[in-house]
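Beneath this line is the structure, given in structure tokens, with notes to follow.
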Amino acid sequence: MPYSTHRTTQIFQVSTLYGAATLAAALDAGRFGAPEEARRIRRILLVSQNATVPETALRLDEMHGYASIARRFDRVVGWNDAIRPHHPSVWGPRGDDVTLWQRAFRLAWDIDPRERVELAVESIQVNPGRALAAIFSESAVHVYADGLMSYGPTRERLPLSIGSRIQRLLHLDLVPGLRPLLLSEFDVEPEIVPDAAFRAVLDEIAAEAAGDPLLTPVREQAPTAVLLGQYLAAINILSAAEEEALHVRMLTAAARAGHTSVVFKPHPTAPPSYSAALDKAAADAGVRLTVLDAPLLAETLYAHARPELVVGCFSTAMVTASAYYGIPVGRIGTALVMERLKPYQNSNRVPLAIIDHVLPDLAEGASAALVGAAPDTLAPLVRTIGFCMQPALQESSREHAEAYLRAHLAGLPARYFPEPRLAELDLPGAGPQARAKLRARRARRVVGQTVRRTGR
């Protein structure tokens, strides 16, 4: 097959439909070249399935809306097939092999050796985004973030050879006024994907799903509340029983708010089966429950069901319900999850803190509300949490964190800043007992290392 004569090839790596929708909106808004430049740019959609067992997981091309998004690209290729039998989340090239891999992929994807390549990846800290950046080592890199994690810090230090090539961070303006911390250590500028463009893509996806028979019972039952499941047991934050109890608490909160028709939307990567606890809770509360386990985004459900309430723990889909559909939202269970989240550096911490801070707790009898712009209290809180998560990457925020903790720690729930973490980072708020425990733990570690090294 002859090489193409395009001057630039853009490779867009995706693993979720939500991420693909974000990219589609960015393309439609001209964020990757104006329409008149399109003929000089070839666009490749590189699809990665990052599930633990990719062969058994729902494929991106099985989800409603994928086909219309894929039509924006000149070619679609599968990353899993390209690196088989390796797993996308694990495999990366050895340093001496990157040139060979680039030649191989250019040949396989019909990219001329003289062509410039640009990368758009969803998570540069981990594979496959990091692997692609290493292979195309001279390419400019654009990072896009499709959820609340963009507001948290980079999860680990990136090599300068990659970080210095990152041009920008494209993100949705989910919490207006809050600036992302992601990649801030490289002074990467955040760039907002326009709301109107993203909502247009969501509408396009919803229209494609209109004929799905799984949506028929939802339309017939006309649920006024949506419960959002996550995958907290699957990633060992809660036990399966605790997560089921969390779903029951969501339903109870919806019933208490007067909703008698409810739909439960499991997370696409959550385990396929649930206990009968949710059904029993619905029967006891006199609530009609519909479980929608279909290959579609929660946003597609919002478009078709038009609910009056969305209840969840800390899903990004809670914020999109408010931001793009004007649906009031409320949280359940954030305190428990924040206490269980380990280690402190867990990248779910900032999304969890945002939801915990800005949304009402329905379990305490509060009424659902819209998210709106970030309150003045949010950015200082997120910046301090970001420092406590990644002090080496956010070291310029130490003085801010110290001042913030002195001024506000007494008024915050202990789950935000556990004493052991404050002691470990030598921050205000760590009492003598926590510091003594830290010294003892460090002493035991030194003794253990000595015994392993010397055998005595």
Go through region 343-355 residue by residue and tally those that are more than 16 Å from the chain's Cα centre (by Cα) and touching a residue at least 12 places away in the same chain (Cβ under 8 Å).
1
How do the pairs read when you match residues in region 191-208 that are over 25 Å from Val141 (Cα atoms) with residues anywhere that are crowded, with 17+ Cβ neighbours inside 10 Å, using Cβ under 6 Å and keeping only pairs 6 or more apart or on different chains?
Arg199/Tyr324; Leu202/Glu299; Ile205/Gly65; Ile205/Thr300; Ala206/Thr300; Ala206/Ala303; Glu208/His64; Glu208/Gly65
Residue match in region 263-273 (condition: aliphatic (A, V, I, L, M) and either within 29 Å of Pro343 (Cα to Cα) or in contact (Cβ under 8 Å) with a residue 60 or more places away in the chain (or both))
yes
Sole exception among (1) touching a strand residue (DSSP E or B) at 6+ places or on another chain (Cβ under 8 Å); (2) under 20 Å from Ala20 (Cβ atoms); (3) among the aliphatic types (A, V, I, L, M) for Ala206, by number:
(1)
Step by step: first the residues of region 75-96, then only those that are under 21 Å from Gln10 (Cβ atoms) and among the charged types (D, E, K, R), then the one that is surrounded by the fewest Cβ atoms within 10 Å (Cβ to Cβ). Which residue is that?
Asp81
May I ask you to list the residues in region 159-177 that are hydrophobic (A, V, I, L, M, F, W, C) and surrounded by fewer than 20 Cβ atoms within 10 Å (Cβ to Cβ)?
Leu160, Ile162
Report, by residue number, each residue of region 179-189 that is crowded, with 20+ Cβ neighbours inside 10 Å and at negative phi.
Pro180, Leu181, Leu182, Ser184, Val188
Evaluate the following for Ala29: is it farther than 20 Å from Ala298 by Cα, at pLDDT 95 or above and touching a helix residue (DSSP H, G or I) at 6+ places or on another chain (Cβ under 6 Å)?
yes
Please determine, by comparing only the residues of region 382-396 that are of a type outside the set (A, V, I, L, M) and within 21 Å of Val358 (Cβ to Cβ), which one is surrounded by the fewest Cβ atoms within 10 Å (Cβ to Cβ).
Arg383
Within region 404-417, is even one residue among the hydroxyl-bearing types (Ser, Thr, Tyr), outside any helix (DSSP H, G or I) and within 19 Å of Gln345 (Cβ to Cβ)?
yes
Quick one: is Val143 of a type in the set (Val, Ile, Thr) and outside any strand (DSSP E or B)?
no
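Residue by residue, here is whether (1) touching a strand residue (DSSP E or B) at 6+ places or on another chain (Cβ under 8 Å); (2) over 22 Å from Val371 (Cα atoms); (3) crowded, with 23+ Cβ neighbours inside 10 Å; (4) in the same structural domain as Pro217 (by TED's automatic domain parsing) holds:
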{"residue": "Ser239", "(1), (2), (3), (4)": "no, yes, no, yes"}
{"residue": "Met250", "(1), (2), (3), (4)": "yes, no, yes, yes"}
{"residue": "Asp279", "(1), (2), (3), (4)": "yes, yes, no, yes"}
{"residue": "Val287", "(1), (2), (3), (4)": "yes, yes, no, yes"}
{"residue": "Glu308", "(1), (2), (3), (4)": "yes, no, no, yes"}
A careful count of residues in region 131-160 that are touching a residue at least 24 places away in the same chain (Cβ under 8 Å) and either closer than 17 Å to Gln390 by Cβ or of a type in the set (Phe, Trp, Tyr) (or both) gives 15
Answer yes if at least one residue in region 364-377 is within 22 Å of Leu409 (Cβ to Cβ) and crowded, with 19+ Cβ neighbours inside 10 Å, and no otherwise.
yes
Is at least one residue of region 192-200 crowded, with 20+ Cβ neighbours inside 10 Å and within 23 Å of Val382 (Cα to Cα)?
yes
Would you say Pro217 is over 22 Å from Ser367 (Cα atoms) and surrounded by fewer than 16 Cβ atoms within 10 Å (Cβ to Cβ)?
yes
State whether one or more residues within region 361-374 are assigned to a helix (DSSP H, G or I), within 24 Å of the chain's Cα centre (by Cα) and at pLDDT 95 or above.
yes
Would it be correct to say that Gly65 is surrounded by fewer than 17 Cβ atoms within 10 Å (Cβ to Cβ) and under 28 Å from Ser347 (Cβ atoms)?
no
With the structure loaded, tell me whether Gly312 is surrounded by 22 or more Cβ atoms within 10 Å (Cβ to Cβ), touching a residue at least 12 places away in the same chain (Cβ under 8 Å), of a type outside the set (A, V, I, L, M, F, W, C) and farther than 27 Å from Val248 by Cα or whether it fails that test.
no
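The values are calculated or read from the model by the stated rules, or taken from the named source; none is laboratory data. As the structure is a prediction and not an experimental result, all values here were calculated from the model. Ideal geometry is used to build each Cβ from the backbone, glycine not excepted, and the neighbour counts take in all protein chains shown.
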